[in-house]
Amino acid sequence: MKYQKPRGTVDIYYQKAEQFFAIEIIIRQLASKYNFNEIKTPIFESKPLFVRSVGENSDIVEKELFELSDKKDRQFALRPEGTAGVVRSIIEDKIYGGEYELPLKLFYFGPMFRYERPQQGRLRQFNHFGVEIVGAKSYLLDVETILFAYNIIKTLGIKNIAVKLNMLVNDKQVYLKVLLNYLQTKSLCEDCQRRIVKNPLRILDCKLDASKFADCPKMYDFLDEADKKYFDSITKTLTKLDLPWSIDHNLVRGLDYYTSVVFEIVSLDEKQGSQSTLIGGGRYDKLFEELKGPNLPAIGFAAGIERLMIALENENIQLVNDTYIDAYVICLNEKARYFASSLLLMLRTAGYRIDCDYLDRSVKAQFKSSDRLNAKFTIIVGEEELKNQLVTIKSKKTRKEKAVKFEKIIDFFVNNKE
Ligand code: HAM
């Protein structure tokens, strides 16, 4: 039997893993500048947590949960997203007030699981960088959150994007009546015919039907004065900060907990395909109470790392320069191999990236390995060298060789940065 990875999963190695890690480092550095703290929550949680938070009638809960039960038949699900677990943790451990300064500014990295039909940019296991800011409602905080998301994209160097915003109506009932009236005149796809009963708002951002809704009644026109003012303050400040944004009246997002401003950063590159949302988020001011916690307003977003990787590839952005090692040690005989072990240790302790042969290869083959590993220097150790307590170091760049005394090897590397 041949073993294969499960459908909708990927193996990430070598250059891709380097790119993945580089994204993570860049984002972590940004998170630190915005003064965020890391939170790690379990990869699986009780199923009802997701039903209650993400929404019983959301696609994620209805169709996409990876469900599991334990030996006592308790129902769990692999987390489809990170917000629910973070909120659960804050409520459970009372991470608010006291020693915890509000607003909490939390971030997480980790795998998420959705049983979706796989395609480019849509996986069954994918990775989020997410943030949740808890315990404050201020339009300036919302601006800062959107700015943080935008800064991730800019710092990575991705150019071809748009920032879309919308404001969800507080009192959904009035708007829903108008919307349902309007939808009666439209022919809807199979999914939307189901949504019209269970979750009509979601129809607005259906990928199949979207083009039919250009003349749809706008939620903005149904906002109360306070919400309108709040949203306008956000957009005005974003404009002042030179952040390019546009309003997308049909942006509702696929998770039921959003209550106010929502936003997405989408790639405009055709090669990104239909899964073009790189980052999505919004304000969820009622979720804490919904999950039996205190009244804590909150906002957050999550970026799909795999989609960022596709966007980077489309724009030919390689975050990691050609991989290289500082030196490759070539041993001309057995004695040299024995000596090499302490040489490797010494150089690695001094902070250099060093390798050597472990397959008893011929000298010629060792030179080839040095080349393939892109070693800046090749260190040659043989009979003659050991006798004279030195090594020969050859530079890849200049092709020149130099005899270096044992005790001067570190000095050589300090003084020869290529
Ligand atoms: P979301 O929009 O469902 O939001 O997911 C965030 C991002 O994850 C998407 O914009 C996309 O880049 C990526 N993503 C989603 N599904 C997949 C998939 N199947 N394969 C690959 N990438 C995917 C949330 O999850 C919210 N928890 C965000 C949030 C945090 N809102 C407030 N706080």
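Give me a count of the residues in region 202-219 that are of a type outside the set (Lys, Arg) and within 15 Å of GLU62 (Cβ to Cβ).
Adding up the residues that qualify gives 2.
I'd like the residue in region 12-44 that is closer than 24 Å to THR83 by Cβ and basic (Lys, Arg) and, out of all such residues, is surrounded by the most Cβ atoms within 10 Å (Cβ to Cβ).
Going through the qualifying residues, I end up with ARG28.
Based on this model, can you work out whether ILE247 counts as surrounded by fewer than 17 Cβ atoms within 10 Å (Cβ to Cβ), in contact (Cβ under 8 Å) with a residue 60 or more places away in the chain and of a type outside the set (Lys, Arg)?
The answer is yes for ILE247.
Specify the residue that is nearest to the ligand (Cβ to nearest atom); the eligible residues are those in region 262-277 that are over 14 Å from LEU165 (Cα atoms) and in contact with a strand residue (DSSP E or B) (Cβ under 9 Å, 6 or more places away or on another chain).
GLN275
Tell me which residues, restricted to region 150-175, are surrounded by 15 or more Cβ atoms within 10 Å (Cβ to Cβ), part of a helix (DSSP H, G or I) and either modelled with pLDDT under 95 or small (Gly, Ala, Ser) (or both).
Passing the criteria: LYS172, TYR175.
I'm trying to understand the selection: among the residues of region 57-108, which are in contact with a Phe, Trp or Tyr (Cβ under 7 Å, 6 or more places away or on another chain), among the aromatic types (Phe, Trp, Tyr) and within 14 Å of ILE133 (Cα to Cα)?
PHE107
Residues checked against (1) within 27 Å of the chain's Cα centre (by Cα); (2) in a strand (DSSP E or B); (3) free of Cβ contacts under 8 Å to residues at least 12 places away in the same chain:
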residue	(1), (2), (3)
ASN127	yes, yes, no
PHE148	yes, no, no
LEU204	yes, no, no
CYS216	no, no, no
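Identify, from the list GLU116, GLU132, GLU92, GLU99, the residue that is under 30 Å from LEU243 (Cα atoms) and either free of Cβ contacts under 8 Å to residues at least 24 places away in the same chain or within 15 Å of the ligand (Cβ to nearest atom) (or both).
It is GLU132.
Hey, any hits in region 151-158 for a residue that's of a type in the set (Lys, Arg), touching a residue at least 12 places away in the same chain (Cβ under 8 Å) and either at negative phi or in contact with a Ser or Thr (Cβ under 7 Å, 6 or more places away or on another chain) (or both)?
no
Name the pairs: first residue in region 1-19 and closer than 11 Å to PRO118 by Cβ, second residue among the aliphatic types (A, V, I, L, M) and part of a loop (DSSP other than H, G, I, E, B), Cβ to Cβ under 9 Å, at least 6 apart or on different chains?
Matching pairs, first to second residue: GLY8/LEU123; THR9/LEU123; VAL10/LEU123.
Filter region 365-418 for residues that are β-branched (Val, Ile, Thr) and either part of a strand (DSSP E or B) or without any contact (Cβ under 8 Å) to a residue 60 or more places away in the chain (or both) and give the result.
Once the filter is applied, which keeps residues that are β-branched (Val, Ile, Thr) and either part of a strand (DSSP E or B) or without any contact (Cβ under 8 Å) to a residue 60 or more places away in the chain (or both), region 365-418 yields THR378, ILE379, ILE380, VAL381, VAL391, THR392, ILE393, THR398, VAL404, VAL414.
Within the group ASP360, ASP355, which residue is part of a strand (DSSP E or B), of a type outside the set (A, V, I, L, M, F, W, C) and without any contact (Cβ under 8 Å) to a residue 40 or more places away in the chain?
It is ASP355.
Report yes if PHE109 is within 18 Å of the chain's Cα centre (by Cα), more than 9 Å from the ligand (Cβ to nearest atom), touching a residue at least 60 places away in the same chain (Cβ under 8 Å) and within 30 Å of THR9 (Cβ to Cβ), otherwise no.
yes
Here is a yes/no grid of residues against (1) more than 16 Å from the ligand (Cβ to nearest atom); (2) over 27 Å from ALA365 (Cβ atoms); (3) assigned to a loop (DSSP other than H, G, I, E, B); (4) within 19 Å of the chain's Cα centre (by Cα):
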position: ILE299; (1), (2), (3), (4): no, yes, no, yes
position: ALA303; (1), (2), (3), (4): no, yes, no, yes
position: MET309; (1), (2), (3), (4): no, yes, no, yes
position: LEU312; (1), (2), (3), (4): no, yes, no, yes
position: ASN316; (1), (2), (3), (4): yes, yes, yes, yes
position: THR323; (1), (2), (3), (4): yes, no, yes, no
position: ASP326; (1), (2), (3), (4): yes, no, no, no
position: VAL329; (1), (2), (3), (4): yes, no, no, no
position: LYS335; (1), (2), (3), (4): yes, no, no, no
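Could you list, in sequence order, the residues of region 282-297 that are at negative phi and part of a strand (DSSP E or B)?
Matches in region 282-297: ARG283 only.
If a residue must be at pLDDT 95 or above and surrounded by 16 or more Cβ atoms within 10 Å (Cβ to Cβ), how many such residues does region 47-59 contain?
Going through region 47-59 one residue at a time, the tally reaches 7.
Got a sec? Which of ARG117, ARG88 is out of contact with any strand residue (DSSP E or B) (no Cβ under 6 Å at 6 or more places or on another chain) and part of a helix (DSSP H, G or I)?
None of the other options fit; the residue is ARG88.
The values are calculated or read from the model by the stated rules, or taken from the named source; none is laboratory data. Just so it is clear, the structure is predicted and the values come from calculations on it, not from any experiment. Ideal geometry is used to build each Cβ from the backbone, glycine not excepted, and the neighbour counts take in all protein chains shown.
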